[in-house]
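Chemist: Dumping the structure here so I can ask a few things about it.
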Number of protein chains: 4
Amino acid sequence: MSNERIPVGILGATGMVGQEFVSFLRDHPWFDLTWLGASDRSAGKPYHEATVWRLGGETPAYVRDIVVSESKPAHGTKHALKLVFSAMDASVATEIEQAFASAGHIIVSNSRNHRMDPDVPLLVPEINADHLKLIDVQQKQRGWKGQIVTNPNCSTVVLVMALAALKPFGIKRVIVTTMQAISGAGYPGVASMDINANVVPFIGGEEEKMQQETQKILGDFTGAAIEPLAAKVSAHCNRVPVVDGHTITVSVELEKKPSESEVLAAWRAWRGEPQRKGLPSAPPCPVIYVHEKDRPQPRRDVERENGMAVFVGRLRKCPVLDYKFVALGHNTVRGAAGAAVLNAEVMKAEGYLDR
Amino acid sequence: MSNERIPVGILGATGMVGQEFVSFLRDHPWFDLTWLGASDRSAGKPYHEATVWRLGGETPAYVRDIVVSESKPAHGTKHALKLVFSAMDASVATEIEQAFASAGHIIVSNSRNHRMDPDVPLLVPEINADHLKLIDVQQKQRGWKGQIVTNPNCSTVVLVMALAALKPFGIKRVIVTTMQAISGAGYPGVASMDINANVVPFIGGEEEKMQQETQKILGDFTGAAIEPLAAKVSAHCNRVPVVDGHTITVSVELEKKPSESEVLAAWRAWRGEPQRKGLPSAPPCPVIYVHEKDRPQPRRDVERENGMAVFVGRLRKCPVLDYKFVALGHNTVRGAAGAAVLNAEVMKAEGYLDR
Amino acid sequence: MSNERIPVGILGATGMVGQEFVSFLRDHPWFDLTWLGASDRSAGKPYHEATVWRLGGETPAYVRDIVVSESKPAHGTKHALKLVFSAMDASVATEIEQAFASAGHIIVSNSRNHRMDPDVPLLVPEINADHLKLIDVQQKQRGWKGQIVTNPNCSTVVLVMALAALKPFGIKRVIVTTMQAISGAGYPGVASMDINANVVPFIGGEEEKMQQETQKILGDFTGAAIEPLAAKVSAHCNRVPVVDGHTITVSVELEKKPSESEVLAAWRAWRGEPQRKGLPSAPPCPVIYVHEKDRPQPRRDVERENGMAVFVGRLRKCPVLDYKFVALGHNTVRGAAGAAVLNAEVMKAEGYLDR
Amino acid sequence: MSNERIPVGILGATGMVGQEFVSFLRDHPWFDLTWLGASDRSAGKPYHEATVWRLGGETPAYVRDIVVSESKPAHGTKHALKLVFSAMDASVATEIEQAFASAGHIIVSNSRNHRMDPDVPLLVPEINADHLKLIDVQQKQRGWKGQIVTNPNCSTVVLVMALAALKPFGIKRVIVTTMQAISGAGYPGVASMDINANVVPFIGGEEEKMQQETQKILGDFTGAAIEPLAAKVSAHCNRVPVVDGHTITVSVELEKKPSESEVLAAWRAWRGEPQRKGLPSAPPCPVIYVHEKDRPQPRRDVERENGMAVFVGRLRKCPVLDYKFVALGHNTVRGAAGAAVLNAEVMKAEGYLDR
């Protein structure tokens, strides 16, 4: 790998997810954030003027004065920009992402629009780095020099990280209930009148995403396509008054009926490409079992490991399926900006950025 | 039924659950609250001095000046008191409740201590009013003139109310995740440092209670005992920052594979003894289906129907079991004080208070 | 007063404040809600279809099927509608309210637009029912047959209700800090990402309103205009994560240096026209002193007295001014819908609806 | 200053404040935490067994296996321990702190017990590092070889940091209202039933502390004692549902009537001994003015500058006194553990640890 730093951009840079990318990329050892794309309304303004900074503290100094560009590939290319992270709203992402990919850019997207396209990798690099091989299919079918790679929905990633180590035991059926943080809905997102001291037992489209994305992510690359995991997955999605961190309860049926200690050992031993390659954003242990009886908890555990690990706890027998447990992940880090950056890192490590 | 008003008492009257009984019994058409029992520390003081009132507003005027008694049967009897509600903490309830029952009192208890005793009814009168026949067994076995009748745990009652109408379809397996309000833990209960903007994915003993109590409540009285429902039940219990109202997500497998409209019709048609007898605290419809896609919600629905109905919503197919849905109930009303008072009402209506 | 029921309407009926009017007017002994005005987008639809009901429970049955009208006087008149409550957003209220008043309607408005107009009463009927005499000036100056009467901002009303009884002591200087509920900002209002586990120490325009409105409300009608109270008022306005109820801390300087017991006695004795006339929405005591050392509190006190009283507590010496205390009022009831309805009641009682 | 690391201990190490000391001292460049004192119940156990870790993540590895000692000087001395931080509860701090000081230890205490003693420095080292000279008086009067130095209450520190730069303008009168975080009350501290979606307008003893401590801290050392600042201070203290960070609103009267830009310049220029000496825990700017109109906010600003700066904003004219503004500080860092550690650092820098 060359030591040259790689210029990168963000599409949708002024929104909440865009701000999370800006935060996460600060001091990145490989990527230099040099281009910020947003709507025409923001284009032409310095980033700190185009943006109401919603995260903690102030607009980071390193992007403060970057002038925001229009979301058009031409603007990107003049910076010799190859890698572009997409933080765009689903309502506009489809066409813009395709235009960039068609113009030769590598789009690493957090948007949901292309996740379920058969020729687009839905990547969790600890789990399915080999799904990147779909890019050959994608480029051939679409006639693109560029690429689109996606990361999953913020609640899906918590589930699949917790399940991946159990795949060798034969995952047959999964029932999951989520208690999702408000930051998952962006800004202004959830009205305080809806969620203050309340639970909202519905998040539009979320259950379908969790069910389908889980099967694709845990599926196998057959050489030409992804064969989804045959497991049945049922999701109940809820919003709760928590700032960051999606907590989920999971009941799972496993074909090989492992013992509790075998399940714990599987989690403990589980590593993926990011760990083997020592990628900059990779958590040393992607899944961490928390032994305290009332953990993991979003407010106390979500910031650990820079928000990049998933925490599991309370493994016990399930009277209906085989096991039940709790899992927690940082929805705006491991479930959004951090996920996309780790995707780009594994792509760099495997040469996909050099094609 | 005679029109004479019935004097009643409360054991554990100064605690949080005791205060909920005091609130719920105000203006009761049948029961006159005349006796308040508490610890020796409180005995001898007027109720408003013995109590820091934790509910809304002020200590209700009708009990303000009642002098608190020691928790001993003798104190009760001098008021010719037969019916005593127990709001006692589990740490002391076993012996005191037994002493009162042994002395001839009818104890209608919200405490968990005797719920799973084979000869004690665990009553949800819409569901299993016939379990009251256990009292004959209880009195005979224990040699008591009095009785102990219990109501379920505050999260169990939400589940069983939602399931009862489905019993004719053959309930085989149930997976339930709770999002429980802080009021379920009493006072001081949950520390704000634990639950502010947080989820605590553990409540001691709660999952076991939900699993066992559900089977007993939905079970059948065989003439001498309760044959528990054979269904398998698995519970995941969580605390969330909500004041009142336990929200649960449920996946259920049903032997007879009813259609969605049959399930909806079953809930709509479902009534029990309290409704048939028009008991004062009975909600006209014990289970109400809410059609809005993001309801029921604790803050918006929990106070409806005086907190005595259970609200269900979001019925849809479950990819793993047969159906999934959301349910909500008021944990300190339908799950505690209101439950016990409705128990006493059905006991009155069926003559158990006159024995 | 005739016993005939009075048909009334609501402008801005589908919004959050409109819904609060709908709630508050249910079962009103004098007023029949027969007309609901809203934007063109809603006009022509039954209310329950035009509205996403944001308050507790369901859209009240009594208005469910009323067809929403356009916000034009002509639509009102065909119902022979004289009295119209305005719950309109400030961005549109000026012209529509004036059009209605000009067409002969009596507009009792919760909007801020006309509050500070010199010829418009800013009414808190316990305090300044005599300011209604401004209507003669208003009708003459504007050439209207109709009228506009307003109620104050939701935080102002808590302050002036607490101060009014102290006016005879000579109010010289007031410093007030508010901790305001999220419901004061309507729907969607405050983003949960802004207020969850947070304080926002700014509410646009609120401090100016509290300072000016307080002087006008506590001012004197001179025969032709309102002479504002000469007191200096300084407000610090903050949003806190509370659903309903604005809590304020007040330091006040009083010319006559009353004793603490004189202040308490003044609050205790204080009554206004609504109490003397026994108006249907009038609280028996408009200001209630709460003796517990840590009260009033929004979640525990705001619903008392149907939300129409203001609660004060913690009266003590202020080392800088003379006294300090806490006050609390229900911002969407006494601070909005309830305030306007009480205004209409006093106007009815004094014959203003019959002109 | 020698480069030798200094062994330090914590009294009350297992409590919430003790845990904050443990967190704050991790990786401290001067101090080595080698001794942990707690109640007899904890003594003899490894720290991680004696403690339920309430902060984020896990018990820090560097103290996990330190065996907890009894809170007796003898135990301390065998480690040649001179500097001991006190995180003890006020109910036990007086005697134990005195015993340690009497035995020659330097007690840097967060407890309130000795703060107002005339011969004990109440230190905010940016403001009154010269008050350390009181130690001579203290040692002489009490016959101690050791010392006791204290830091202020967690809400006082926010006020005095904001006021100190204004002292040259002649502070005459101050009215302050606090909105204090739940972490200020320790663990279990505030019951969630008291504070969830609520405001509690009372914190026992807090207003008196803010009023008196402010005068002492901003006072002048006369050679033998502290002459308190003559300013009048009035505090209204409230608890709000925020995790960390006390927000205060302040109105202040200033003798010299500075312009707004003079006030801003005073804050901007203000530095103290910790900044001049470059102490390890000193924030580069102790007071930071935030220009956004709705800031500072606890959730968005409290973690900045490692929690050691105080943030001010919204400076504007006060119609009653001269200016009003908002201030925010981290109550468990700048208001507790961080404050004490910074005290110890300035004491080290000025030679007080070597006496």
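Since every read-out is calculated from the coordinates, none of them should be taken as a lab result. Model, not experiment: these values are computed from the prediction. Counting neighbours? That spans all protein chains shown, and the Cβs are built from the backbone with ideal geometry, glycine included.
Chemist: Quick one: net charge of residue A:45's neighbours, Cβ under 14 Å, K/R +1, D/E -1?
Modeler: -2
Chemist: Report, in listed order, any pair from A:209/A:232; C:167/C:232; A:277/A:348; A:209/A:293 with a Cα-Cα distance greater than 19 Å.
Modeler: Long pairs (Cα-Cα over 19 Å): A:209/A:293.
Chemist: Can you give me the pair-distance distribution of the protein assembly as shown, C-alpha pairs, 20 Å bins, whole percents?
Modeler: In whole percents, the pair-distance histogram is 9, 33, 39, 18, 1.
Chemist: GNM on chain B, C-alpha springs below 10 Å: top fluctuator among B:55, B:163, B:321?
Modeler: Per the Cα network of chain B with a 10 Å cutoff, B:55 tops the list.
Chemist: Shifting gears a bit: Quick one: D:48, D:330, fewest Cβ neighbours within 10 Å first, how do they rank?
Modeler: D:48, D:330
Chemist: Let's test the formula: R0 of 25 Å, r as the Cβ-Cβ distance of residue C:117 and residue C:5. What FRET efficiency results, to the nearest 0.05?
Modeler: Once the sixth-power term is evaluated, E becomes 0.20.
Chemist: Within a Cβ distance under 14 Å of residue D:194, other residues only, what is the Lys/Arg minus Asp/Glu net charge?
Modeler: With Lys, Arg at +1 and Asp, Glu at -1, the net is +2.
Chemist: Pairs of Cα atoms under 8 Å, at least six residues apart: use those to get the relative contact order of chain B, whole percent.
Modeler: Once divided by the residue count of chain B, the mean separation gives 17 percent.
Chemist: Considering the options D:182, D:163, D:118, tell which one lies farthest towards the positive end of the dipole of region D:115-185, charges being +1 on Lys and Arg and -1 on Asp and Glu at the Cβ, about the Cα centre.
Modeler: D:118
Chemist: Rounded to the nearest 20 debye, what is the charge dipole size of region D:154-330 about its Cα centre when +1 sits on each Lys and Arg Cβ and -1 on each Asp and Glu Cβ?
Modeler: Computed charge dipole of region D:154-330: roughly 480 debye.
Chemist: Using unit Cβ charges (K, R positive; D, E negative) and no other charged atoms, how large, in debye to the nearest 20, is the dipole of region A:65-181 about its Cα centre?
Modeler: 340
Chemist: Within a 10 angstrom radius of the beta carbon, how do C:119, B:130 rank from fewest other beta carbons to most?
Modeler: The order, fewest Cβ neighbours first, is B:130, C:119.
Chemist: Taking every pair of Cα atoms in chain C, average 1/r, invert it to obtain the Kirkwood radius, and report Rg/Rh to two decimals.
Modeler: Taking Rh as the inverse mean 1/r over Cα pairs, Rg/Rh reads 0.96.
Chemist: Could you tell me which residue out of A:101, A:47, A:346 lies farthest along the dipole of chain A toward its positive end? Charges go on the beta carbon: Lys and Arg +1, Asp and Glu -1, centred on the Cα centre.
Modeler: A:346
Chemist: Residue of C with Cβ nearest the axis relating C to D, plus distance in whole Å?
Modeler: Per the Cβ-to-axis criterion, the result reads C:177, 2.
Chemist: Find which of A:281, A:197, A:224 sits farthest along the positive direction of the dipole of region A:156-330, computed with +1 on the beta-carbon of Lys and Arg, -1 on that of Asp and Glu, about the Cα centre.
Modeler: A:281
Chemist: If you put a point 7 Å past Cα along the Cβ direction, how far is that point for residue C:56 from the same point in each other copy, in nm, smallest first?
Modeler: Spacings between copies for this position, smallest first, are 0.5, 3.6, 3.6 nm.
Chemist: May I ask you to report, in nm to one decimal and beginning with the shortest, the distances from residue A:228 to the same position in the other copies, taking label points 7 Å along Cα-to-Cβ?
Modeler: Spacings between copies for this position, smallest first, are 3.7, 6.6, 7.2 nm.
Chemist: Could you give the dipole magnitude of the protein assembly as shown about its Cα centre, charging the beta-carbon of Lys and Arg +1 and that of Asp and Glu -1, in debye to the nearest 20?
Modeler: Here the size comes out at about 0 debye.
Chemist: Taking other Cβ within 10 Å of each residue's Cβ, how do B:206, C:303, D:97 sort, fewest first?
Modeler: Neighbour counts put them in this order, fewest first: C:303, B:206, D:97.
Chemist: Just to be sure I understand: with springs between alpha-carbon atoms less than 10 Å apart, which residue in D:69, D:102, D:192 has the highest mean-square fluctuation in the Gaussian network model of chain D?
Modeler: D:192
Chemist: Length gain on complete extension for the stretch residue D:61 to residue D:89, per 0.36 nm per residue less the alpha carbon to alpha carbon distance?
Modeler: The residue D:61-residue D:89 span can extend by a further 7.6 nm.
Chemist: Could you compute how fast region B:156-330 diffuses translationally, taking Rh as the Kirkwood radius over C-alpha pairs and applying Stokes-Einstein at 4 °C with viscosity 1.567 mPa s? Give it in µm² per second.
Modeler: Result for D is 77 µm²/s.
Chemist: In the Gaussian network model of chain C, springs joining C-alpha atoms below 10 Å, which of C:38, C:61, C:337 carries the largest mean-square fluctuation?
Modeler: Of C:38, C:61, C:337, the Gaussian network model singles out C:61 as fluctuating most.
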